[in-house]
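Participant: The structure is given below, and queries will be raised subsequently.
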């Protein structure tokens, strides 16, 4: 499997608005209900699920994007997508309100998307764009005629000040239920792969088999179902969680819950995030400023406001969990990373603004 990814990017949820210019919010769709495979890549020091991107605009490509339930919107590096002569250290060079190149329409006006928190922050610099998109590969694919994307030209590690030199190092396929804080037009690409009136707009993610993660990347078929049946959201065993709407970012994927660990119980807003590859993080405002990792053999129980319960035990290699004080991180969400998805099924219903969770 060929990929260039910042493996240990921590927490892909904070998206910060910098400047704006947007138009064209039409949503044509051209696909049927389908299932796709994902690639499971990584070892105990960090795991990811990747979705192949095989065509963007008129360009046939071979890129792999992080499948990310913790953010909304697809980001992709402009290198290899548009001519290199258009890309500078300060932006993408063109005149007018927009330009179309290689079937990709780029809108004037730069944005910055930030991933992480105060303890580690990475920024993408780029533009709102629209393009035909094909996801999947020779094992199975789906196409849509026009999808909003964030086309970035530069990635900077704010902590070190270094600029990422590996092209496509931070391609993200954000499938969260809301919209980007940078521009409300940037939403989950899967919304644009709607089907018919009999199918609910959304997706279902099967359990990610733990034994299929590998250092070379393993294709696992039928992990992702695009489009939901009415049974998925009513009678297939998922516990549904209505989402809260915010004036910025739209519907939030954060779910109210209580968390019990080490003889204490706290209230939390919980994000279940495939984009967090290693540590889950419990934010406890009463914790010491740098509590650190929970010891191995610590039992953690999560109970959501709708009665879904998830219990796990930390080890030295799996279910790694750390406790932080939000006054340090600047992030009040408790984030459960990719280990959660190795034991539970997950769905997002875009039409009715809800997330479904199911023990497996």
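Yes or no, residue by residue, for (1) touching a helix residue (DSSP H, G or I) at 6+ places or on another chain (Cβ under 7 Å); (2) in the same structural domain as residue 39 (by TED's automatic domain parsing); (3) buried (at least 19 other Cβ atoms within 10 Å of the Cβ):
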{"site": "219", "(1), (2), (3)": "no, yes, no"}
{"site": "232", "(1), (2), (3)": "no, no, yes"}
{"site": "238", "(1), (2), (3)": "no, no, yes"}
{"site": "245", "(1), (2), (3)": "no, no, no"}
{"site": "259", "(1), (2), (3)": "no, no, yes"}
{"site": "270", "(1), (2), (3)": "no, no, yes"}
{"site": "305", "(1), (2), (3)": "no, no, no"}
{"site": "322", "(1), (2), (3)": "no, no, no"}
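Participant: Now for a different question. Of the conditions (1) within 26 Å of residue 45 (Cβ to Cβ); (2) more than 24 Å from the chain's Cα centre (by Cα), residue 281 fails just one. Which one is it?
Facilitator: Here residue 281 clears every test but (2).
Participant: Then there's this: Could you list, in sequence order, the residues of segment 286-303 that are closer than 27 Å to residue 118 by Cβ, out of contact with any helix residue (DSSP H, G or I) (no Cβ under 9 Å at 6 or more places or on another chain) and in a strand (DSSP E or B)?
Facilitator: Residues satisfying the conditions are 292, 293, 300.
Participant: Same structure, new question: Are any of the residues in segment 156-167 surrounded by fewer than 24 Cβ atoms within 10 Å (Cβ to Cβ), assigned to a strand (DSSP E or B) and in contact with a helix residue (DSSP H, G or I) (Cβ under 7 Å, 6 or more places away or on another chain)?
Facilitator: No, that holds for no residue.
Participant: Please work out if residue 316 is exposed (fewer than 14 other Cβ atoms within 10 Å of the Cβ), assigned to a loop (DSSP other than H, G, I, E, B) and either in contact with a helix residue (DSSP H, G or I) (Cβ under 6 Å, 6 or more places away or on another chain) or assigned by TED's automatic domain parsing to the domain that holds residue 282 (or both).
Facilitator: Working: exposed (fewer than 14 other Cβ atoms within 10 Å of the Cβ): yes; assigned to a loop (DSSP other than H, G, I, E, B): yes; either in contact with a helix residue (DSSP H, G or I) (Cβ under 6 Å, 6 or more places away or on another chain) or assigned by TED's automatic domain parsing to the domain that holds residue 282 (or both): yes.
Judged against the criteria, residue 316 is a match.
Participant: Which ones in segment 75-90 are touching a strand residue (DSSP E or B) at 6+ places or on another chain (Cβ under 8 Å) and over 16 Å from residue 132 (Cβ atoms)? First the steps, then the outcome.
Facilitator: Going residue by residue through segment 75-90, those that are touching a strand residue (DSSP E or B) at 6+ places or on another chain (Cβ under 8 Å) are 75-83, 86-89.
75, 77, 78, 79, 80, 83, 86, 87, 88, 89 - these are the residues of segment 75-90 that are touching a strand residue (DSSP E or B) at 6+ places or on another chain (Cβ under 8 Å) and over 16 Å from residue 132 (Cβ atoms).
Participant: Related question: Please identify the pairs in which a residue from segment 274-294 that is at positive phi has its Cβ atom under 8 Å from the Cβ atom of a residue that is not in a loop (DSSP other than H, G, I, E, B), counting only partners at least 6 apart or on another chain.
Facilitator: Pairs found: 292/322; 292/323.
Participant: Filter segment 174-200 down to residues that are at pLDDT below 90 and out of contact with any strand residue (DSSP E or B) (no Cβ under 6 Å at 6 or more places or on another chain), then give me how many there are.
Facilitator: 4
Participant: Would you point out which residue out of 328, 323, 300 is over 25 Å from residue 203 (Cβ atoms) and at pLDDT below 90?
Facilitator: The match here is 328.
Participant: Related question: Tell me yes or no: at least one residue of segment 118-139 is assigned to a strand (DSSP E or B), over 23 Å from residue 279 (Cα atoms) and in contact with a helix residue (DSSP H, G or I) (Cβ under 6 Å, 6 or more places away or on another chain).
Facilitator: No, segment 118-139 contains no residue that is assigned to a strand (DSSP E or B), over 23 Å from residue 279 (Cα atoms) and in contact with a helix residue (DSSP H, G or I) (Cβ under 6 Å, 6 or more places away or on another chain).
The values are calculated or read from the model by the stated rules, or taken from the named source; none is laboratory data. Quantities reported herein were computed from a predicted structural model and do not represent experimental measurements. Here the Cβ is made from the backbone with ideal geometry for all residues, glycine too, and neighbour counts use every protein chain on show.
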